[in-house]
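Quick notes on the structure that follows.
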Amino acid sequence: MSIMGTRVVRVEDPRLLTTGAVYTEDLRDPRLTGALHLTFVRAPMAHARILSIQTADALAFPGVVAVLTAADLGMEPMPPAMPMFTQTMTTSLLATDTVRFVGDAVAVVVTETAYQGQDAADHVHVEYDHLPALIDLREAASDAVLLYPQAGTNTVFAMGPAELDPELFAGCEVVVTQEIVNQRVAAAPLEGRAAAATIEDGRLIMWVSTQAAQDAKGAICRWLGIEPETLRVITPDVGGGFGAKIGADPDHAVVGAVARHLGRPVRWTETRSENMVAMTHGRGQLNTVTIGGKRDGTVLAYRLEILQDAGAQPRIGAVLPALTTLMAPAVYAFPKVEVKARSVVTTTTPTAAYRGAGRPEATHAIERGLDLFAAEIGMDPGEVRRTNLLPAFTEPHTTATGAVYDTGDYAVALDKALAASDYPALRAEQERRRAAGEEKLLGIGLSVYVEITGQAPASEIADVELRPDGSARVLTGTSPHGQGHATAWAMLVSEETGVPMDRITVEHGDTDLIPVGGGTFGSRSLQQGGAAVRQATRELVELARQRAADLLEANPDDIVVDTARAGVHVAGSPDAGVSFAELAAKEPLQVHTTFTSPGPTFPFGAHVAVVEVDVRTGKARLERLIAVDDAGTILNPLLAEGQRHGGYAQGVAQALIEEVRYDPEGNPETSTLATYPFLGITDVPSFEPVDMATPTPYNTLGAKGVGEAGTIGATPAVHNAVIDAVAHLGVRHIDMPTTPMRVWSALRAAEAAS
Amino acid sequence: MQVTTTVNGEARTDEVEDRLLLVHYLRDVRGLRATNVGCDTTSCGACTVLLDGESVKSCTVLAVQADGREVSTVEGLAAADGTLHPVQAAFRQEHGLQCGFCTPGMVMACVSLLKDNPRPTEHEVRDGLEGNFCRCTGYHNIVRAVLVASGQDPK
Ligand code: FES
Ligand code: FES
């Protein structure tokens with residue numbers, strides 16, 4: 001019986017539930033025996049020139065082996081890795097002369113124990129000359145204060161037309177415009193960043209908590225100026241990443257630099273308070289949407305102006321507007337779409353990918369914008385969406401911004417979500433509460449989304465070996481950190497070969513073993529890594545059939561797979577067979593292959609959120625989230641639903657609760673888990689996922705990505721629901737997170753205006 | 001200072017620094033590294049263990065405070081033959097864990113919750129686990145796992 005599409009529990013779990021995983025901090029590898037502990041000394045202010053660094057006091061503390069600065073380690077400013085960024089915005093691994101955000105790394109203290117590092121780090125005395133903070137995005141865009149004076153601009157990256165089209169909204173009966181904040185949030189994986197390093201036979205060996213070892217290796221080599229063959233990166237268990245652990249950070253490279261400098265093993269695990277200021281943040285866009293159309297609900301033109309907060313350094317965050325731009329046309333047949341984007345530096349933690357990375361922002365902007373348009377013309381939000389949706393298509397569809405959607409049936413997704421939520425009944429209940437003057441109002445919010453998954457890289461490797469002892473080993477270029485690849489990839493191999501799942505091991509994340517691999521991000525793993533595993537397994541079975549034909553003196557065409565024996569036999573004579581193990585005993589049975597997708601895939605769906613808003617306090621509570629997410633054919637519903645649930649929660653968190661905040665001087669106000677409103681278990685209900693599966697033709701699994709769908713769909717649906725609850729009181733828009741204070745203030749403002 | 005504790009049934013005396021946190025004692029002195037540290041403000045619950053049967057955040061307890069007391073961690077939960085404890089089994093069955101970082105603390109918190117309330121409602125499960133953060137699961141399957149572990153049908 002096929003296990004494809006069935007709920008297979010994870011092979012990973014018994015270990016994680018009994019002895020626990022082995023995260024970087026848990027490593028007791030003999031090569032790390034006696035490892036020193038590294039503690040960063042970080043800037044306590046947003047922007048300053050470094051006048052001097054005095055290390056003598058710290059050096060006198062017990063257990064201190066070294067206190068090192070950029071000068072000690074020979075670190076020089078380097079241009080950003082991405083060629084489209086302003087190249088004169090140079091940064092070094094440890095600050096040389098200027099710090100640009102609270103948390104910027106200035107020096108490291110190296111000690112025998114971790115506790116000693118905390119003691120000594122406070123006694124590295126850095127003399128600073130304050131420079132002005134730069135928090136506001138418009139002010140940053142004005143270039144009045146420059147973070148990199150030599151660049152002459154705060155703009156890292158820009159795209160779109162030089163001039164906006166003055167005729168874009170010509171002929172529109174209605175035009176609405178709104179500035180919409182897509183606030184900065186923390187990825188906050190429960191395991192923060194960590195690394196360990198040692199020197200072995202002249203090579204640097206690094207263990208990094210990462211989503212992509214091969215990317216990490218490339219980045220660290222570049223930063224340290226070392227050759228690829230002199231570095232090996234190994235990925236221990238990883239406690240979540242959500243995009244913020246793609247590749248390596250400069251801080252990881254510092255760990256490697258110190259191990260090289262001292263010639264001794266070194267380890268570093270950041271504290272949570274360090275994580276909240278020094279791990280990259282996500283989102284951080286200020287979007288201006290303008291929608292024009294007719295009173296019958298037809299949208300004629302859509303403009304999106306994006307101002308992205310890159311934070312203090314040109315990192316991945318600065319390029320996110322490219323994805324927001326690509327996905328701006330969304331699920332709609334708008335005749336005209338115009339997008340203009342710009343990323344600027346500010347004196348805040350650098351931004352980078354966070355679950356969705358640029359696509360949630362696109363969906364949020366249009367879905368919030370469409371509700372504003374619907375409110376303006378007095379039309380139901382569901383109707384406005386239906387009026388403008390692209391019709392179903394099975395041949396690739398090219399959008400105004402050049403995305404090529406593989407397949408889509410958005411109206412069905414919307415209908416399913418509306419039906420599953422009993423939308424008319426919800427509207428009736430909303431009306432009843434309003435009419436009765438109840439204090440707990442009901443809000444209903446919709447979103448219809450399409451996202452891009454598996455965008456880059458397009459290829460992934462797999463290496464499958466069937467062994468003489470009847471076991472199988474899979475090497476994958478993907479890098480699971482909670483997704484369950486060991487289970488999913490084993491299902492794929494077991495399905496084709498009959499090798500039992502508990503005899504299949506899956507390895508990842510060691511650059512010596514797997515020099516080429518794309519890692520896990522952008523919802524790429526199953527559709528590329530999984531597709532590669534299936535391709536490798538099928539090639540392997542084919543190889544086995546050829547070899548068995550020789551052995552059994554039969555025509556290869558007559559050799560059929562016999563999963564019951566984990567081998568093959570001659571068609572029609574089950575006794576004339578040979579197991580894969582027996583074949584492997586004669587000659588190694590192994591295939592290494594690369595799968596390349598013809599293009600990225602475009603999962604889609606529709607969410608309905610139901611919130612209750614207390615008009616007295618402004619408190620919004622999510623009551624229900626009904627979510628249709630079409631990620632193509634599902635391999636293991638247990639894993640796919642897990643991904644969806646996690647995404648919903650992070651989406652809800654952004655809509656209602658979470659925000660990274662700075663005061664005007666650039667001091668972080670949310671730098672611990674006591675001050676950052678991390679979404680807890682009482683903040684969400686159980687979710688209501690609804691199934692829909694339109695296979696993609698781009699891989700034999702029919703699979704698209706699912707890891708980020710929840711976040712992309714949930715945020716705008718929940719956000720819209722909160723505003724919908726109070727719309728009849730004259731509230732038009734409230735920015736996220738829709739905290740009680742914000743909702744209450746909006747209600748008071750509406751009251752005053754009426 | 002000297003500390004004598006029984007951890008998962010095994011009694012031992014160790015010489016420790018006064019300020020050593022219980023979680024670091026368990027991890028670095030006793031070598032039980034399933035229990036994790038997720039924060040430095042007693043917020044996340046990743047470090048939850050049982051101290052004389054009551055759940056505590058072991059990042060907020062000094063090792064010396066465990067002197068003369070019993071500590072239980074997730075490593076001691078399964079039967080000697082490897083059979084998973086009902087909470088562990090339910091977490092696997094319901095996919096209540098992804099990256100696994102919150103899991104050892106979460107499982108111990110659930111064990112404590114079910115000891116106090118053997119058949120909790122969904123609402124009671126959520127209330128009872130308020131001090132334990134998970135970034136991966138959206139809590140959905142953790143709630144289901146607790147209901148299943150208590151012999152209820154989560155539907
Ligand atoms: S480590 Fe977070 S509460 Fe103990
Ligand atoms: S499973 Fe990753 S934090 Fe809970």
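The values are calculated or read from the model by the stated rules, or taken from the named source; none is laboratory data. Keep in mind that this is a model prediction, so the values were computed, not measured. Glycine also receives a Cβ, built like all others from the backbone with ideal geometry; neighbour counts cover every protein chain displayed.
For the range A:385-414, residues that are over 25 Å from A:Gly292 (Cα atoms) and among the acidic types (Asp, Glu) total 2. Taken over the range B:65-74, the criterion of being surrounded by fewer than 19 Cβ atoms within 10 Å (Cβ to Cβ) and either within 16 Å of ligand 2 (Cβ to nearest atom) or outside any strand (DSSP E or B) (or both) is satisfied by B:Gln65, B:Asp67, B:Gly68, B:Arg69. Counting only residues that are among the β-branched types (Val, Ile, Thr) and either part of a strand (DSSP E or B) or crowded, with 20+ Cβ neighbours inside 10 Å (or both), the range A:215-236 holds 4 of them.
Do you know which residues across the range A:662-699 are touching a helix residue (DSSP H, G or I) at 6+ places or on another chain (Cβ under 7 Å), at the interface with chain B (Cβ under 8 Å from one of its Cβ atoms) and more than 23 Å from A:His719 (Cα to Cα)? Passing the criteria: A:Thr672, A:Leu673. Scanning the range A:401-408 turns up at least one residue that is touching a Lys or Arg at 6+ places or on another chain (Cβ under 8 Å) and under 25 Å from A:Tyr332 (Cα atoms).
In this structure, B:Ala78 does satisfy being under 29 Å from B:Asp153 (Cβ atoms), at pLDDT 95 or above, away from ligand 1 (no atom under 16 Å from the Cβ) and part of a loop (DSSP other than H, G, I, E, B). Checking the structure you have, find out if any residue of the range B:91-103 is within 16 Å of ligand 1 (Cβ to nearest atom), polar (S, T, N, Q) and under 24 Å from B:Arg126 (Cβ atoms). Yes - at least one qualifying residue is present in the range B:91-103.
Each row is one residue, and each column tells you yes or no for (1) aliphatic (A, V, I, L, M); (2) crowded, with 20+ Cβ neighbours inside 10 Å; (3) part of a helix (DSSP H, G or I); (4) in the same structural domain as A:Val506 (by TED's automatic domain parsing).
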residue	(1), (2), (3), (4)
A:Ser2	no, no, no, no
A:Arg7	no, no, no, no
A:Pro14	no, no, yes, no
A:Thr39	no, yes, no, no
A:Pro44	no, no, no, no
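Restricted to the range A:668-689, and to residues there that are touching a residue at least 60 places away in the same chain (Cβ under 8 Å) and over 23 Å from B:Gly38 (Cα atoms), the residue that is surrounded by the fewest Cβ atoms within 10 Å (Cβ to Cβ) is A:Glu688. Restricting A:Val181, A:Val238, A:Val258 to residues that are modelled with pLDDT of 95 or more and touching a helix residue (DSSP H, G or I) at 6+ places or on another chain (Cβ under 9 Å) narrows the list to A:Val238. Within the range B:16-64, the set of residues being in contact with a Pro (Cβ under 9 Å, 6 or more places away or on another chain) and away from ligand 2 (no atom under 16 Å from the Cβ) comprises just one member, B:Val49.
Out of the residues in the range B:82-107 that are outside any loop (DSSP other than H, G, I, E, B) and at the interface with chain A (Cβ under 8 Å from one of its Cβ atoms), state the one that is farthest from the chain's Cα centre (by Cα).
Looking at the filtered set, the residue picked out is B:Gln93.
Among the numbered conditions (1) within 14 Å of another protein chain (Cβ to nearest Cβ); (2) in contact with a Pro (Cβ under 8 Å, 6 or more places away or on another chain), the only one that A:Ala301 does not meet is (1). Here the condition is being within 16 Å of ligand 1 (Cβ to nearest atom) and among the charged types (D, E, K, R); of B:Arg69, B:Arg19, B:Arg12, B:Arg30, it holds for B:Arg19 alone. Taking the criterion of being within 12 Å of chain A (Cβ to nearest Cβ) and among the aliphatic types (A, V, I, L, M), the residues of the range B:52-79 that qualify are B:Val74, B:Leu77, B:Ala78, B:Ala79.
Here B:Thr6 meets each of (1) more than 16 Å from ligand 2 (Cβ to nearest atom); (2) surrounded by 18 or more Cβ atoms within 10 Å (Cβ to Cβ); (3) among the polar types (S, T, N, Q) with one exception, condition (2). Among the residues of the range B:132-146, how many are in a helix (DSSP H, G or I), in contact (Cβ under 8 Å) with a residue 12 or more places away in the chain and within 10 Å of chain A (Cβ to nearest Cβ)? Total satisfying the criteria: 4.
Applying the criterion of being within 16 Å of ligand 2 (Cβ to nearest atom) and within 7 Å of chain A (Cβ to nearest Cβ) to the residues of the range B:108-131, the residue that is farthest from B:Leu147 (Cα to Cα) is B:Glu130.
Taken over the range A:46-68, the criterion of being surrounded by 18 or more Cβ atoms within 10 Å (Cβ to Cβ) and under 28 Å from A:Gly152 (Cβ atoms) is satisfied by A:Ala46, A:His47, A:Ala48, A:Ile50. Here is a list: A:Glu688, A:Glu665. Which entry is at negative phi, in contact with a strand residue (DSSP E or B) (Cβ under 7 Å, 6 or more places away or on another chain) and away from ligand 1 (no atom under 16 Å from the Cβ)? The conditions single out A:Glu688. Residues in the range B:129-155 that are surrounded by fewer than 24 Cβ atoms within 10 Å (Cβ to Cβ) and away from ligand 1 (no atom under 16 Å from the Cβ) were compared, and the one that is modelled with the lowest pLDDT is B:Lys155.
Selection over the range A:309-325 of residues that are in contact with a Lys or Arg (Cβ under 6 Å, 6 or more places away or on another chain) and over 21 Å from A:Val145 (Cα atoms) gives a count of 1. In the range A:70-78 there is at least one residue matching the filter, namely being surrounded by 14 or more Cβ atoms within 10 Å (Cβ to Cβ), of a type in the set (D, E, K, R) and either more than 14 Å from chain B (Cβ to nearest Cβ) or not in a loop (DSSP other than H, G, I, E, B) (or both).
Restricting the search to strands (runs of 3 or more DSSP E) fully inside the range A:583-654 and requiring at least 1 residues that are in contact (Cβ under 8 Å) with a residue 24 or more places away in the chain and in contact with a Lys or Arg (Cβ under 7 Å, 6 or more places away or on another chain) gives A:604-614, A:620-630. Put simply, of A:Gly707, A:Gly666, A:Gly730 the only residue that is within 22 Å of the chain's Cα centre (by Cα) and either at pLDDT 95 or above or of a type in the set (Phe, Trp, Tyr) (or both) is A:Gly707.
Test A:Val493 against the criterion of being modelled with pLDDT of 95 or more and farther than 21 Å from A:Val22 by Cα, and give yes or no. Spell out how you get there, then give the answer.
Details: modelled with pLDDT of 95 or more: yes; farther than 21 Å from A:Val22 by Cα: yes.
Yes, satisfied.
Residues in the range A:625-661 that are more than 8 Å from every other protein chain (Cβ to nearest Cβ), farther than 20 Å from A:Val608 by Cβ and among the small types (Gly, Ala, Ser): A:Gly632 only.
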